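What follows is a short report on a single structure.
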Amino acid sequence: MFVHQSVTHPAGVSVLGTSLILVEPDHVVLALGISSLEPTPDQAFGGCREAAAKVREVLDAASIPDADVNTSALQLQQRWASQYSENARMLGYEATMKLSINVRDPQRYEGLLTAMVGAGANVVYGISFGTTSLAQHRVTARTDAIAKARQKAELYAAAAGVELGAPLHIEDVDPSNLGGREGHARTAYPTGDDGESARRPGAIAIGAAVQVCYAIAPGT
């Protein structure tokens, strides 16, 4: 989806300013699960609890506090082979549990994940990188986007032989809606107005975009 980069009633110099900030993550969230398939519900629950206890030992050994670990209640369902055919047969009962672990040192997550999988966390739902300073970085990106918009407008005004006036219209734009044209689509390796790229491995891309219409100074 592309953003329509124009104002309804143009009255000056209309520009789009974008900014991209790359920050290092300060924590990693591991979304894992434990699954145990057994002939009976009791055996399935028991297998899941046993694996969960071993995973808990790994977390305790790594000094991961309880506040950084979230677990779901045990779930149980039947498992079938070829369930919707005439050859359907029940494989057994599957007990499952989901875990979410917040690793505050990003350098440790690979070793911890490997140990947890070895202990019985046999389902990996995903790994997400985050920063606790997201709000602060967004302020920086938005401020920079306004500055980039001003620079772009001044360039156009100078090329047209006019002077730039005050802003008449300021509109926040969701950078994820730029569809790669301004380079903020994550799947297209986002870039800012200065060519900054999100290809840096492990970095978190925080983007901002703003549509600004500046007046043309009278008499120019």
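For segment 15-37, indicate whether the set of residues that are hydrophobic (A, V, I, L, M, F, W, C), farther than 30 Å from residue 216 by Cβ and free of Cβ contacts under 8 Å to residues at least 24 places away in the same chain is non-empty. No, every residue in segment 15-37 fails to be hydrophobic (A, V, I, L, M, F, W, C), farther than 30 Å from residue 216 by Cβ and free of Cβ contacts under 8 Å to residues at least 24 places away in the same chain.
If a residue counts only when it is without any contact (Cβ under 8 Å) to a residue 60 or more places away in the chain and under 20 Å from residue 32 (Cα atoms), which strands (runs of 3 or more DSSP E) contained entirely in segment 51-147 have at least 3 such residues?
Output list reads 69-71, 75-81.
Going through (1) of a type in the set (Gly, Ala, Ser); (2) surrounded by 14 or more Cβ atoms within 10 Å (Cβ to Cβ); (3) outside any helix (DSSP H, G or I) one by one, residue 153 falls short only on (3). Of all residue pairs spaced 6 or more apart or on separate chains, those with beta-carbon atoms under 9 Å, a first member in segment 194-220 that is surrounded by 14 or more Cβ atoms within 10 Å (Cβ to Cβ) and hydroxyl-bearing (Ser, Thr, Tyr) and a second member that is assigned to a loop (DSSP other than H, G, I, E, B) and modelled with pLDDT under 75 are 197/183; 197/189; 197/190. Taking residue 153, is it among the hydrophobic types (A, V, I, L, M, F, W, C), in the same structural domain as residue 49 (by TED's automatic domain parsing) and either at negative phi or at pLDDT 95 or above (or both)? It is false that residue 153 is among the hydrophobic types (A, V, I, L, M, F, W, C), in the same structural domain as residue 49 (by TED's automatic domain parsing) and either at negative phi or at pLDDT 95 or above (or both).
Applying the condition of being among the polar types (S, T, N, Q) and within 30 Å of residue 44 (Cα to Cα) to segment 117-160 and asking which residue is farthest from the chain's Cα centre (by Cα) yields 122. For segment 32-50, the count of residues that are part of a loop (DSSP other than H, G, I, E, B), within 29 Å of residue 203 (Cβ to Cβ) and not assigned by TED's automatic domain parsing to the domain that holds residue 202 is zero.
The values are calculated or read from the model by the stated rules, or taken from the named source; none is laboratory data. Given the structure is predicted, the values throughout are model-derived calculations rather than measurements. Counting neighbours? That spans all protein chains shown, and the Cβs are built from the backbone with ideal geometry, glycine included.
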